[in-house]
Amino acid sequence: MAKRRQARFTTQDLEGLPELDDESPTLWDTSRGEVPRKLLTSAVRCFASNGFHATTTRDISSGVGLSPGALYVHFPSKEDVLFEIIRTAHRRVLSYVSEPAVLTVEDPVRHLRALVARYTEWHARHHVAARVSQYELAGLSAEHYEEIVELRHETNVVFRAAVERGVSTGVFADIDVKRVSRAILSLGIDLIRWYRLDGSDSPGQLGEFTAQLALKMVMTPDIDLTAAGVGAQSTSAE
């Protein structure tokens with residue numbers, strides 16, 4: 001008989017779980033003190049495992065060895081902790097795919113490939129925080145939710161522009177830009193449901209593989225990915 005998933009994980013249950021191992025602790029602004037950064041990392045692990053509503057402030061504080069009320073010294077509420085996590089994650093990934101090294105690539109094929117590879121790689125490296133950022137939006141206040149919606153819109157614009165450029169120049173097929181862009185974004189996000197850093201694919205390998213899938217979604221029948229220099233890189237080590 002398959003083992004049933006327990007309804008709620010304690011702080012002790014979460015210690016040492018490989019599925020909660022990612023680079024989320026590096027996301028927080030270094031201008032914050034060490035304690036609030038540790039609280040954010042603890043909250044990520046708790047929210048990802050039990051959900052926002054089932055997580056208590058005691059859970060978050062005890063995850064870093066502090067008293068139950070310690071969280072309120074650094075954050076007004078549990079919702080503010082969630083907002084900081086989601087806002088930081090969305091800002092970081094938007095910045096990562098908007099760097100000049102990506103946006104200045106003139107060839108539409110190479111541009112989309114770099115964009116998708118980066119987007120996917122980022123979500124793999126920070127898959128626990130990304131899981132919270134995608135699945136716990138309902139825990140935000142209306143005001144905070146609207147701010148996140150705007151950040152998501154900015155990311156959508158980056159991807160739509162990349163696909164639209166390829167279509168308008170005739171490099172890509174005559175496709176529905178909005179729908180295909182949404183599908184490509186979904187490819188880069190879906191991994192947060194199952195990815196582990198100790199799995200068979202590194203973030204870089206997974207990024208390249210997903211980029212290849214994205215290019216096949218937009219390419220015309222005569223496009224040569226190998227000639228474009230993007231056809232044989234999905235199996236290379238990071």
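The values are calculated or read from the model by the stated rules, or taken from the named source; none is laboratory data. Computed from a predicted model, the values in this text were never measured in an experiment. Neighbour counts run over all protein chains shown; Cβ positions are idealised from the backbone, glycine included. Just the protein is used for accessible areas: all its heavy atoms, side chains included, with ligands, DNA and RNA removed. Shrake-Rupley method; radii C 1.70, N 1.55, O 1.52, S 1.80 Å.
Taking the numbered list (1) open to solvent by 20 Å² or more (accessible area, probe 1.4 Å); (2) assigned to a helix (DSSP H, G or I); (3) in contact with a Gly (Cβ under 7 Å, 6 or more places away or on another chain) in turn, Y119 passes all entries but (1). Residues that are over 28 Å from Y195 (Cα atoms) and either part of a helix (DSSP H, G or I) or in contact with a Pro (Cβ under 7 Å, 6 or more places away or on another chain) (or both) are absent from the range 148-156 altogether.
Screening the range 31-82 for helices (runs of 4 or more DSSP H) wholly inside it with 3 or more residues that are among the charged types (D, E, K, R) and closer than 20 Å to A130 by Cβ returns the ranges 34-50. The C-beta contact set for the range 173-202 (first residue outside any helix (DSSP H, G or I), second residue of a type in the set (F, W, Y), distance under 9 angstrom, 6+ apart or interchain) comprises D201/Y195; D201/F209.
Contact map, the range 42-54: first residue touching a residue at least 24 places away in the same chain (Cβ under 8 Å) and charged (D, E, K, R), second residue open to solvent by less than 20 Å² (accessible area, probe 1.4 Å) and in a helix (DSSP H, G or I), Cβ cut-off under 6 Å, separation 6 or more or different chains; pairs are R45/L14; R45/L20.
When S168, S95, S133 are screened for being polar (S, T, N, Q) and touching a residue at least 24 places away in the same chain (Cβ under 8 Å), only S133 passes. Against the test of being open to solvent by less than 60 Å² (accessible area, probe 1.4 Å) and at pLDDT below 75, the options G170, G231, G204, G188 yield a single qualifying residue, G231. Cβ separations smaller than 8 Å between residues 6+ apart or across chains give the following pairs from the range 61-81 residues that are of a type in the set (S, T, N, Q) to residues that are part of a loop (DSSP other than H, G, I, E, B) and open to solvent by 40 Å² or more (accessible area, probe 1.4 Å): S61/S67.
For the range 132-148, a tally of residues being of a type outside the set (A, V, I, L, M, F, W, C) and under 14 Å from the mean Cα position of the chain (by Cα) returns 4.
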